[in-house]
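Enquirer: Encoded as C-alpha cells, here's the structure I'll be asking about.
The values are calculated or read from the model by the stated rules, or taken from the named source; none is laboratory data. Everything numeric here is computed off the predicted structure, so don't read it as measured data. So basically every Cβ, Gly included, is an ideal-geometry build from the backbone, and we count neighbours across all protein chains shown. Please note that ligands, DNA and RNA were not included when accessible areas were found on the heavy atoms of the full protein model with its side chains. Shrake-Rupley method; radii C 1.70, N 1.55, O 1.52, S 1.80 Å.
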4 protein chains.
Amino acid sequence: MTLADHAAPAPRRGRWADAERNRAAIIEAAGQVFAECGGSVDVREIARRSGVGMGTLYRHFPTKDELLTTVLEQQFNAWLTDAHQQAVATEDPWQALTGFFEQLLDNQADNRAVVESYATTGGPSEYCVQRCYSLIDQVRTRCVDAGVLRPGVTTEDLFLLSGSLSQAVLTTADSHPGRWRRLLRISLDGLSSRNTEPLPEPGTAGS
Amino acid sequence: MTLADHAAPAPRRGRWADAERNRAAIIEAAGQVFAECGGSVDVREIARRSGVGMGTLYRHFPTKDELLTTVLEQQFNAWLTDAHQQAVATEDPWQALTGFFEQLLDNQADNRAVVESYATTGGPSEYCVQRCYSLIDQVRTRCVDAGVLRPGVTTEDLFLLSGSLSQAVLTTADSHPGRWRRLLRISLDGLSSRNTEPLPEPGTAGS
Amino acid sequence: MTLADHAAPAPRRGRWADAERNRAAIIEAAGQVFAECGGSVDVREIARRSGVGMGTLYRHFPTKDELLTTVLEQQFNAWLTDAHQQAVATEDPWQALTGFFEQLLDNQADNRAVVESYATTGGPSEYCVQRCYSLIDQVRTRCVDAGVLRPGVTTEDLFLLSGSLSQAVLTTADSHPGRWRRLLRISLDGLSSRNTEPLPEPGTAGS
Amino acid sequence: MTLADHAAPAPRRGRWADAERNRAAIIEAAGQVFAECGGSVDVREIARRSGVGMGTLYRHFPTKDELLTTVLEQQFNAWLTDAHQQAVATEDPWQALTGFFEQLLDNQADNRAVVESYATTGGPSEYCVQRCYSLIDQVRTRCVDAGVLRPGVTTEDLFLLSGSLSQAVLTTADSHPGRWRRLLRISLDGLSSRNTEPLPEPGTAGS
DNA sequence: TATGAATGAGGTTTCATTCAT
DNA sequence: TATGAATGAAACCTCATTCAT
C-alpha cells in the first residue's frame, strides 16, 4: 500500500473521486428536476443544475431514460429504506404498517416523475418493485400474525395502495398538503381486521 | 358510452356537417391517442388517425394543449355523466356511492393522459372539477342522510379518492385489470359509518 | 326594355351586380390590409374585412399575388390620375412638377406594400410603370420647354425619384409625417435648371 | 469589405473557436441570403449555406428575427464604418459628404432586406440609427463650417435621404446599376449652399 | 355563384445525443 | 476525463389554395 505511489494512482483516485462526485451531483440534480418538472424536462436543465457538462452527464448515463430510471430507483430505494426502518422500529404491528405508509408517502410528496413512472411501469424498476413487495410483506406478515389485518389482503393490494395514494399526495401537494393523510386513514381503516367481508377475487373483472 | 356527445346539434348547411364530423373525429382520435401514449404524442398521429389534415386539426384546436384540455374535459364529462346516471338509478345510497366510483373508474381504465392531467392540474379543468364536486356531493349527501357514511367525510375526500384510485386503475390496467376493485372495496369499507373515529384535520400535517 | 322580364335577366343582373360589388369590396379591403400589414398578410384577413368567403375571393383573383398586383395597380393608377390632374390644372410648369410629386407621394403615405413592390419589381406593374413614365414625361416636357428643368434629366430619373421618395414618405409616416417634403424640396431644387453641371452617364458605374 | 468584423476576439479553449467561426459563418450566409431573398427566406437555407445544423443556428440566434436584426446591424455597421472612413480620409468637406453617401449606398446595392427593414422599423436598430446620426452629423458639421451646405439642412434630413436613396439603389440594382448616382447628384446639388431658400418646417404638413 | 372548411407542404423551433477539443 | 457546441430529426404551427355543398 505504501508502494506504487509514483505512477498515477493519486490523480486516478482524484479522477475517481471527481467522477463519483459528479455522478452524485447529477443524480441529486436530476432528482430535483424530475420531481419538479416530470420526466419530460430538457436534459440541459439537469446538466445546468448539477454543474456538469452534457458530455459528463452522458458519460455516466448513456441515455436520458437510463438516468431517469436510475434516479427513480435511487430515490425509491431510499424512501423504502426509510419506511422500512420506521416499521422495524415500531413495536405495534398496526402502528408499523401505518408508519410505513406515512413515511413512504411523506417522502414522495411533490415528485411528479414518480407518479408518472407508477402509471407507465408499475413502479421504478423490477428490482425496486420486488424489494418493495418484500418489505411490505414483512409488515403485512406481522399484522397478519397479530390478527389485525383484514383477511385476504395481499401484498399486491398494499403495494397498489401505496401507488394509488402517491397520486393523492402529489395532487394535493401544493394546495392542501397533508390532506392525503385522511385518505390513508380511511384506507387503513378499511384494511383492519374489523372488516371481515371478503374482497373481490383478483383477476375477476365483474362486480 | 360514446364520446363527442354534444357534437352535432344541427348539421347545418354547407360543409358544416363535415366540420362537426371532423371535430368529433379529432376528439375521438385524440382521446385514443392521448390515452395510449400520454400527452406528449405527435399531433400528426392524431391527425392521421382522425383522417384529417393538420390544418383542419388546428382550425378546430388552435393549440395542442387546447386539444388535450378539450378532450380530457369531454371524456371526463362523459364519464361523470355515466357515473351520475348510475348513481341516480340506484336506490340504496351506499350502492349508489359504490356504483358511482365503479362506473367512473371503469371508464378511466387505460387512459394515461387523465392521470397525467390529475397530477398536473388537479383535474381536467376547473369547470369539470366543479361539476365533479357537485355530483359527488349529491351522492355523499344521500349517504349522510341515510347515516351510512362515516362522519366527517367531505366531498373533497371523495374527489381525492377518485383521483387516487384512477392511478391504481391505470397501473393495473394491463397486467391485472379489475384488481383495483379490491382497493375500492377497502376504501369504501373505510368510509362506512362503521368507522367512527375522526379523520385527521385537513390542513394538519401531523399524525 | 319592358319585355323579356320573366326569363332570368334580373337575377342575372343581380348576380352580376353582386359580383361587381364583391370585387370592389375585395379590392377595397385588400388595399387597406396590404397597406397596413404589407404584402405578407394572411389572405383570410382580406376575406374577413371584405366580407366575402375565400372561394369568392379566389374566384375573382386566382392567386394572392394577382390580387396584390391588381390592388397595387388600381391604387397606383388612381394616385397617378390624381397627380396628373393636379399637374394639368397647374399653369406654371415648375409648379406642375412640384404638385405632381406632392400629390403622388401624399397618397402613398403609409402604404407598405407599395414600397415593397418598388423594391422587388421596380413598380406595381409594367403597364403602370409605362403610364407613369408617360405622365411624368408630359410634365417633364413642359418644364423642359419652359427651360426650368436641369438639362439631361430624364423621365427615368424622375420616376426613380418618386420611388425613392416613397421610401422616405413611408419611413416617416408614423413618427414625422410631412418631413419628406423637405427631401422633395431638396431634390426639386437639384432638378432646377439653375444646376447646369451634367449628371453622371446612365449605365456608367464609375464616379 | 469583410463582414463579421468583431467576431473572434480571442479564439479560446475548446470548441469555442468553432463557435465563433460558426457564428461568423451564419452571419455571413444570412447576410447573403437575406440580401438575395428578403427577410422571408427559409431559415434552413441559411443553415445550409453556412454549413451548420439548425440547432447551431438557433444556439446563436434564438429567433429568426434576432438573426435578421443582428445581420442587418452588422452589415449596416460595417457599411457605416466604411463610409465614415471614406469621409474622414477626404479633405474637402463636400467631397467627404459625397463620398460618404456613395460609399454607403454602393454597399447597400442589391440587399433587399435592408430596404425592407427601413420600411418597417425606420432602420436596422436604435443603436445603429444613433451611430448613423452621429457619423452623418460629423460630415454635416464639416460642411456647415465650410459654408458649403444649404442652411437649415439637418442630420435627420441627410439620414432620411440615405434611406430614400437606398430604395433607388435597390430598385435599379438589377436593370440599371449605377443609375442611382444621378439621383444622388441631384439631391446633393439641392443640398449645396447655392440653394438658400428655406426648407419646409419639419412637422408642418402644408405646402 | 358564394361559402368557409379542408388540405398539406413548408416554416420556425426544440431537444436527445454525439464529438472535437 | 470533462466540456458544451454541434447536430438534425421531429415537433408544433401557418397559410396559400382547393373543393364539396
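Enquirer: According to the Cα gyration tensor, what semi-axes, each the square root of 5 times an eigenvalue, does the equivalent ellipsoid of chain A have, listed from largest to smallest in whole Å? Provide the component values of the computation, followed by the final result.
Expert: Working: eigenvalues 307, 86, 43 Å².
Calculated on Cα positions only, the semi-axes equal 39, 21, 15 Å.
Enquirer: Please report, for C:Glu91, the nm distances (one decimal) from its label point, 7 Å out from Cα along the beta-carbon direction, to the equivalent points in the remaining copies, shortest first.
Expert: Between copies, matching label points for C:Glu91 lie 5.3, 11.0, 12.5 nm apart.
Enquirer: For region A:76-207, report the accessible area per residue in Å² (1.4 Å probe, heavy atoms, rounded to an integer).
Expert: 39 Å²
Enquirer: Which percent of the accessible heavy-atom area of region B:16-62 goes to carbon and sulfur, probe 1.4 angstrom?
Expert: On the way: 1120 of 2360 Å².
Result for region B:16-62: 47 percent of the exposed heavy-atom area is carbon or sulfur.
Enquirer: May I ask for the distance between the Cα centers of region C:35-92 and region A:139-207, given as a whole number of Å?
Expert: One Cα centre to the other: 73 Å.
Enquirer: Residues of region B:74-121 losing 40 Å² or more of accessible area relative to the isolated chain, 1.4 Å probe, heavy atoms only?
Expert: Residues shielded by partner chains are B:Ala119.
Enquirer: Among D:Gly38, D:Gly147, D:Gly163, which one shows the highest mean-square fluctuation when chain D is modelled as a Gaussian network with alpha-carbon springs under 10 Å?
Expert: The residue with the greatest mean-square fluctuation here is D:Gly147.
Enquirer: Also, I was wondering about something else. Distances in nm, one decimal, shortest first, from A:Ser134 to the same residue in every other copy, taking the label point 7 angstrom along Cα→Cβ.
Expert: Once sorted, the set of distances for A:Ser134 reads 5.2, 7.3, 9.8 nm.
Enquirer: What lysines sit close enough to A:Lys64 to cross-link, taking a C-alpha to C-alpha distance under 21 Å and skipping anything fewer than 8 places away on the same chain?
Expert: Reachable lysines: none.
Enquirer: Oh, and also: Between C:Val88 and A:Ala78, with labels modelled 7 Å along Cα→Cβ, what's the label distance in nm to one decimal, could you check?
Expert: Label at C:Val88, label at A:Ala78, 8.9 nm between them.
Enquirer: Can you give the FRET efficiency for D:Thr196 and D:Tyr133, using 1/(1 + (r/R0)^6), R0 = 30 Å, r = Cβ-Cβ distance, to the nearest 0.05?
Expert: Efficiency at R0 = 30 Å is approximately 0.75.
Enquirer: Top mean-square fluctuation among A:Phe101, A:Phe34, A:Phe61, Gaussian network model of chain A, C-alpha springs under 10 Å?
Expert: A:Phe61
Enquirer: Using a 1.4 Å probe on protein heavy atoms only, how many Å² of accessible area do C and D hide from each other, summed over both chains and rounded to 100?
Expert: Rounded to the nearest hundred, the buried surface is 4100 Å².
Enquirer: Take every Cα pair under 8 Å in chain B that's 6+ residues apart, average their separations, divide by the length, and report that relative contact order as a whole percent.
Expert: 18 percent
Enquirer: Mind listing the long-range amide H neighbours of A:Ser192? Cut-off is under 5 Å, sequence gap 5 or more, other chains count too, H placed in the peptide plane at 1.01 Å from N.
Expert: Placed amide hydrogens put A:Arg150 under 5 Å from A:Ser192.
Enquirer: Would you work out what percent of the accessible area of region C:101-188, with all protein chains in place, is carbon or sulfur (probe 1.4 Å)?
Expert: The value for region C:101-188 is 46 percent carbon and sulfur by accessible area.
Enquirer: Where does region D:11-62 land on the Kirkwood hydrodynamic radius, alpha-carbon pairs, in angstrom?
Expert: 11.1 Å
Enquirer: Restricting to Cα pairs below 8 Å that are 6+ residues apart, what does the relative contact order work out to for region A:9-62? Please round to a whole percent.
Expert: The value is 36 percent.
Enquirer: Using a probe radius of 1.4 Å on heavy atoms only, what accessible surface per residue do you get for region C:8-62? Whole Å² is fine.
Expert: 61 Å²
Enquirer: For chain D, what are the DSSP H helices with axial Cα length of 18 Å or more and mean Kyte-Doolittle hydropathy of at least -1.0?
Expert: D:16-37, D:64-88, D:93-108, D:126-146, D:155-172
Enquirer: Could you name every residue in region C:134-162 that has 30 Å² or more less accessible surface in the full protein assembly than in its own chain alone (probe 1.4 Å, ligands and nucleic acids excluded)?
Expert: For region C:134-162, once contacts with the other chains are taken into account, C:Arg150, C:Glu156, C:Asp157, C:Leu160 lose 30 Å² or more.
Enquirer: How high is the FRET efficiency between B:Glu36 and C:Asp174 when r is their beta carbon distance and R₀ equals 35 Å, given to the nearest 0.05? Walk me through the numbers before you get to the answer.
Expert: Details: r = 53 Å, r/R0 = 1.51.
Computed FRET efficiency for B:Glu36 and C:Asp174: 0.10.
Enquirer: Okay, moving on. Over chain D, with a Gaussian network built from C-alpha contacts below 10 Å, which listed residue (D:Asn195, D:Asn77, D:Asn22) shows the highest mean-square fluctuation?
Expert: D:Asn195
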